[in-house]
Amino acid sequence: MTDCDVLVIGGGPVGSTVSALLAEKGWSVTQLEKDSHPKFHIGESLLPMNLPIFEKLGVLDDVERIGIRKYGVEFNCESRDKPTTYYFANALNKNHPYAYQVQRNELDKILFDNAKRKGVEALEEMHVVNIEFQANGSSIIDAKDKDGNVHQWKAKHLVDTSGRGTVLGNKFKTKQRSKDHNSASVFGHFDGVERRQGKDEGNISLYWFEHGWFWFIPFKDGTMSVGAVCWPYYLNSRKVGVEQFLMDTLALCPRAMARMCDAKLISPVTATGNFAYKLSKMSGKGYLIVGDAYAFIDPVFSSGVLFGMSTALYSVDVVDGILRDPTQENKLVRNYERLVHDGLATFSWFIYRITQPTMRSMFMGPRNWFRVEEGILSLLAGDVFGNTPVKRPLFFFKIIYSIAYLLNWRINQDALKRRQRGLQGGPLDVEATSSQGG
């Protein structure tokens with residue numbers, strides 16, 4: 001058995017952020033990743049508020065090297081002739097005018113290697129198979145390596161950043177699916193997709209269509225991630241292979257399909273359930289659950305990596321404070337949980353309404369009454385955890401939305417009923433991959 005101060009489960013951006021920063025504070029940290037880097041992962045579009053975290057970690061230059069700058073977000077709707085583009089430079093906080101699009105296998109490896117450089121015992125192909133909590137809050141963790149050998153650690157504190165695999169959520173059986181929002185995605189990487197010009201080349205493009213929305217995420221090497229997020233009933237209607245299903249789905253949105261004329265698939269196409277969930281508890285004596293390991297919401301605002309890394313940043317102070325003064329645990333955890341819940345609630349309110357006709361109209365025809373456009377830009381930039389005064393503009397946005405919803409009550413109610421019926425489309429524990437692609 002090996003002793004450590006903190007054991008972190010998971011080798012993604014959240015786990016590597018927690019591990020690196022706790023090691024900087026002088027704690028002995030072990031990080032266990034069940035796979036090996038580099039590995040494919042969806043979630044390539046970052047937000048401007050990721051950049052201060054990369055800078056704090058000391059990897060901003062590395063991210064710049066692998067990424068293409070993303071200055072804004074383009075929204076497309078078939079009922080409007082032209083797209084609407086939001087530029088981060090116009091947000092309430094003008095200090096972070098761009099983000100990056102990255103290939104996650106490269107980003108995750110950069111962050112994992114950075115944790116190693118900072119003194120973390122970062123181990124790959126270590127699959128956690130058992131956790132036993134002791135009366136004093138410490139834990140004993142068993143993990144198997146790729147050869148089946150069992151290794152054991154004793155940790156003063158445990159941090160679960162295992163993503164949607166949520167090791168502790170499964171152990172405690174506390175995972176609760178959302179009754180309000182479920183979706184599924186079908187995606188692949190392509191070469192030859194039409195790109196925007198000049199400063200807009202790196203922007204993400206979103207397209208609404210009848211059954212959900214599409215993303216187009218450009219990469220630095222000229223390739224692009226293209227995917228559809230749709231309601232359960234639509235994915236469950238699939239009668240063809242996932243590759244053909246993605247192309248058939250793109251054909252439902254002529255404006256999106258027009259960019260695919262010269263496209264060539266260069267990866268497998270994957271279909272997967274994006275079911276929203278959260279655990280009934282995110283902490284206990286001797287442990288903390290961070291990022292997607294605690295909760296997952298629809299990726300429409302590219303909030304996943306930002307939300308995970310931001311909460312990771314705050315979780316470091318919680319764990320550090322508990323290790324230095326255990327009597328402060330309740331206070332530290334209580335404040336942390338409030339911050340996480342507020343952030344989730346802010347993103348979720350918009351995500352759960354993004355397909356409503358009123359919401360589409362407001363995004364496609366922005367107005368800066370009461371600074372609401374600046375507030376929305378701050379939300380799109382991920383600026384909901386700091387000191388930027390976003391609550392007031394977002395509050396006024398909700399008021400305007402409610403009035404507009406009532407003025408078009410019948411249309412919005414019909415859309416809401418269709419969405420609610422669509423959520424009854426059956427289970428979303430799907431994982432299908434095409435056999436084609438290079």
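Heavy-atom accessible surface of region 131-257, averaged per residue, reaches 43 Å², computed with a 1.4 Å probe. With the helix formula -39500 (n - 2.57) applied to DSSP H stretches of n ≥ 4, the chain reaches a computed 222 nm mean residue ellipticity of -11000 deg cm²/dmol. Taking every Cα-Cα distance in region 1-155 and sorting them into 5 Å bins from zero, the calculated P(r) comes out as 2, 9, 16, 16, 15, 12, 10, 8, 5, 4, 2, 1, 0 percent. Across the chain, C-alpha contacts under 8 Å between residues 6 or more apart give a mean separation that, scaled by the residue count, equals a relative contact order of 21 percent. Over the chain, all Cα pairs binned in 20 Å intervals from 0 give whole-percent P(r) values of 25, 58, 17, 0, listed from short to long.
How large is the accessible surface per residue of region 1-82, computed with a 1.4 Å probe and reported in Å² as a whole number?
Accessible area per residue, region 1-82: 38 Å².
Each of the peptides 87-94, 403-410, 378-385 was scored by the mean count of other Cβ atoms within 10 Å over its residues; in descending order, highest first, they stand as 378-385, 87-94, 403-410. Checked against a 21 Å cut-off, the cross-linked pairs 39/175; 25/156; 154/175; 56/118; 171/285 give Cα-Cα distances beyond that limit for 39/175; 154/175. Between region 1-54 and region 221-248, the alpha-carbon centres lie 31 Å apart. Among the protein heavy atoms of region 228-321, carbon and sulfur supply 55% of the accessible surface, probe 1.4 Å, non-protein parts ignored. To put it simply, the accessible area of region 1-145 at a 1.4 Å probe is 45 percent carbon and sulfur. For region 132-169 versus region 328-398, the inter-centroid distance based on Cα atoms is 34 Å. By the combined test of axial Cα extent (at least 20 Å) and Kyte-Doolittle hydropathy (mean at least -1.0), the qualifying DSSP H helices of the chain come to 304-324, 329-351, 391-407. As a rough guide to protection, the peptides 132-143, 115-126 ranked by mean Cβ packing within 10 Å, highest first, stand as 115-126, 132-143. Here the dipole of the chain is about 1560 debye; that uses its Cα centre as origin and unit charges on the Cβ of Lys and Arg (positive) and Asp and Glu (negative). With the highest mean first, a sort of the peptides 219-232, 71-84 on other beta-carbon atoms found within 10 angstrom per residue produces 219-232, 71-84.
The values are calculated or read from the model by the stated rules, or taken from the named source; none is laboratory data. Please read all numbers here as calculations on a predicted model, not as lab measurements. A quick note on method: Cβ atoms are made from the backbone with ideal geometry, for glycine too, and the neighbour counts reach across all protein chains shown. What goes into the accessible areas is simple: the full protein's heavy atoms, side chains included, and nothing from ligands, DNA or RNA. Shrake-Rupley method; radii C 1.70, N 1.55, O 1.52, S 1.80 Å.
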